[in-house]
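The values are calculated or read from the model by the stated rules, or taken from the named source; none is laboratory data. Fair warning: this is a prediction, and the values are worked out from it, not measured in the lab. Cβ sites come from the backbone with ideal geometry, for glycine too, and all protein chains shown count toward neighbours.
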C-alpha cells in the first residue's frame, strides 16, 4: 500500500502476506506509523490497496466499489474506535442499535438483540441514559456492543484501551474476547500497547509497514 507524497510513492504497508483463521482473536502490535490504521482501513474496505488483494471470508474486499464496500461493512464488519465515535444526542440503547437502524430495521424489532448485549456488557441500567453521562469504560462497552449487534464476521478494534487505565483496559479486552469467542467472530485489535495484546491468541507485529512477526502470543496475561 503506497501513497503519493511530493511526487513520489511512499510505501505504508509492504509485502503483507497474512492469513487469519476464522474465530481467532489477534493482536496487531506496532508503534505509531507502523501501518496499523492503514491495515484496519484496508480490511474494512475503507481504502483500496495499490497492489495485491484482500479477502474476508468469501469476499474480495479490494475489488469492491464504494457502495459495495459500505454494504460489506454494514453486514459483515464491526469497528470499535479508540474515541468511541458514539452519537452524543442518542441514548445507550439507540447507539447500540444504530447500525441496524441505518440498515432499515425498526428499534422494536431489534430490541432483543440489543437487550442481550446490554445485559452481557453490564449496561442495562444505563439503556435510556444519554451517552454523555457515561464513564470511559462504559462508553467503550457501548462501542463494543454496537460493533457486535449486527452479528458480524469480523471485528476491528482500533486502540480500544487507549483512553482507559491499565486495569480497566484489561477488563474490557477480556470481555471483548469472551463475547467474540462465543460468537466465533474473527477479531483484530490494533495497538501499540503490550497489555492490549495480552488476551490475544496470536500477535502480529508490524514495523515500518512490514509484518516482522506472526506467532502465538508471547505476552499472555497471567489469569491466575
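Values computed for the structure shown
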{"read-out": "Single residue of the stretch 103-113 satisfying the filter (touching a helix residue (DSSP H, G or I) at 6+ places or on another chain (Cβ under 7 Å) and part of a helix (DSSP H, G or I)) that is farthest from residue 145 (Cα to Cα)", "value": "107"}
{"read-out": "Scope the stretch 62-95; condition within 15 Å of the chain's Cα centre (by Cα), modelled with pLDDT of 90 or more and closer than 19 Å to residue 126 by Cβ; matching residues", "value": "80, 85, 86"}
{"read-out": "Positions within the stretch 125-134 being in a helix (DSSP H, G or I) and in contact (Cβ under 8 Å) with a residue 12 or more places away in the chain, in sequence order", "value": "126, 131, 132"}
{"read-out": "Search result, residues across the stretch 41-55 that are surrounded by 19 or more Cβ atoms within 10 Å (Cβ to Cβ) and not in a loop (DSSP other than H, G, I, E, B)", "value": "42, 43"}
{"read-out": "Residue 162 part of a helix (DSSP H, G or I) and touching a residue at least 24 places away in the same chain (Cβ under 8 Å)", "value": "no"}
{"read-out": "Unique match (being part of a helix (DSSP H, G or I) and either without any contact (Cβ under 8 Å) to a residue 60 or more places away in the chain or more than 16 Å from the chain's Cα centre (by Cα) (or both)) among 182, 212", "value": "182"}
{"read-out": "Odd one out for residue 137 among (1) surrounded by fewer than 16 Cβ atoms within 10 Å (Cβ to Cβ); (2) closer than 26 Å to residue 25 by Cα; (3) free of Cβ contacts under 8 Å to residues at least 60 places away in the same chain", "value": "(1)"}
{"read-out": "Qualifying residue in the stretch 150-157 (condition: modelled with pLDDT under 90 and touching a strand residue (DSSP E or B) at 6+ places or on another chain (Cβ under 6 Å))", "value": "no"}
